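Here the structure comes first, spelled out in structure tokens, and everything after it is commentary.
The values are calculated or read from the model by the stated rules, or taken from the named source; none is laboratory data. Values in this document were obtained by computation on a predicted structure and should not be read as measured data. Here the Cβ positions follow ideal geometry from the backbone for every residue, glycine too, while neighbour counts run over all protein chains shown.
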Amino acid sequence: MKIVILDTGCANLSSVKYAVQRLGYDPIISLSPDIVLSSDKLFLPGVGSASSAMKKLKERNLIELIKVCTQPVLGICLGMQLLADYSTEGHVNTLGIIHEKVRKIPDCGLPLPHMGWNQVSPKAGHHLFRGIPDDAYFYFVHGYAMPLCSATIAETNYGESFTAAVQKENFYGVQFHPERSGLAGAKLLKNFLEM
């Protein structure tokens with residue numbers, strides 16, 4: 001199986017690569033259209049701000065490339081947020097795959113950004129969370145979030161509920177970092193790779 005981690009220029013690619021390698025796979029880091037389009041699974045990692053990430057994707061000619069992918073794609077953290085239409089972080093249009101806006105997490109008296117372990121409640125029976133206990137803990141680091149929407153497949157509460165995972169057709173996204181989430185995160189990555 002050909003697994004590609006998209007070289008977005010705005011992510012810690014090595015942590016995702018090592019997490020996939022620990023599962024027995026040999027991922028490639030690339031931004032070559034031929035390699036990306038011929039992959040069986042594609043990871044879209046991202047850290048930092050939405051505006052700087054979109055600038056990097058544009059500079060690397062990756063925006064349209066991502067949109068035409070037909071294989072399963074997993075956006076991680078900012079990578080999930082970029083699947084939305086728009087982010088109020090930098091007031092930037094994003095990839096437009098999931099028709100929702102990403103907004104700053106409201107101040108509900110909890111420390112911001114949202115950093116650390118939190119419970120994730122998936123929709124019953126979703127294959128991305130197969131074999132993972134209900135309300136398992138995953139590791140989050142973010143100040144912006146996608147509201148609950150029709151594409152939400154898992155949610156988390158931090159003062160108020162927000163989308164922890166999404167799916168629209170072949171595009172999946174997780175707001176947390178599965179590569180830093182212990183056994184539950186490893187199982188989620190394995191479920192994605194075995195789709």
*Scan region 149-161 and give yes if some residue there is among the aliphatic types (A, V, I, L, M) and over 15 Å from the mean Cα position of the chain (by Cα), otherwise no.*
no
*Residues being more than 14 Å from the chain's Cα centre (by Cα) and modelled with pLDDT under 95: count how many of those fall in region 1-14.*
2
*Take region 80-106 and flag every residue that is among the charged types (D, E, K, R) and part of a loop (DSSP other than H, G, I, E, B).*
Glu89
*Starting from residues that are part of a loop (DSSP other than H, G, I, E, B) and in contact (Cβ under 8 Å) with a residue 40 or more places away in the chain, keep the ones in region 67-79 and report whichever is nearest to the chain's Cα centre (by Cα).*
Pro72
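Every residue, every condition in (1) within 24 Å of Glu169 (Cβ to Cβ); (2) not polar (S, T, N, Q), yes or no:
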| site | (1), (2) |
| --- | --- |
| Ile5 | yes, yes |
| Leu37 | yes, yes |
| Phe43 | yes, yes |
| Ser49 | no, no |
| Leu62 | yes, yes |
| Leu83 | yes, yes |
| Asp107 | no, yes |
*asked:* Of everything in region 36-62, what is touching an Asp or Glu at 6+ places or on another chain (Cβ under 6 Å) and farther than 23 Å from Phe140 by Cβ? Give them in sequence order.
replied: none
_Condition first: closer than 13 Å to Phe129 by Cα and surrounded by fewer than 17 Cβ atoms within 10 Å (Cβ to Cβ). Now tell me which residues in region 176-185 satisfy that._
Leu183
*Looking only at strands (runs of 3 or more DSSP E) that fall completely inside region 107-172, which ones have 3 or more residues that are at pLDDT 95 or above, in contact with a helix residue (DSSP H, G or I) (Cβ under 8 Å, 6 or more places away or on another chain) and not polar (S, T, N, Q)?*
136-142
*What is the residue count in region 23-46 for residues that are in contact (Cβ under 8 Å) with a residue 60 or more places away in the chain, in contact with a Phe, Trp or Tyr (Cβ under 8 Å, 6 or more places away or on another chain) and either closer than 18 Å to Arg180 by Cα or among the acidic types (Asp, Glu) (or both)?*
0
*For region 162-175, name all the residues that are polar (S, T, N, Q) and surrounded by fewer than 24 Cβ atoms within 10 Å (Cβ to Cβ).*
Gln167, Asn170
*Would you check which residues across region 39-94 are loosely packed, with under 15 Cβ neighbours inside 10 Å and basic (Lys, Arg) and list them?*
Lys58, Lys67
*asked:* Against the definition (touching a helix residue (DSSP H, G or I) at 6+ places or on another chain (Cβ under 9 Å), of a type in the set (A, V, I, L, M, F, W, C) and buried (at least 22 other Cβ atoms within 10 Å of the Cβ)), how does Leu193 come out, yes or no?
replied: no
*How about region 1-54: which of its residues are assigned to a loop (DSSP other than H, G, I, E, B) and aliphatic (A, V, I, L, M)?*
Met1, Ala11, Leu23, Leu31, Val47
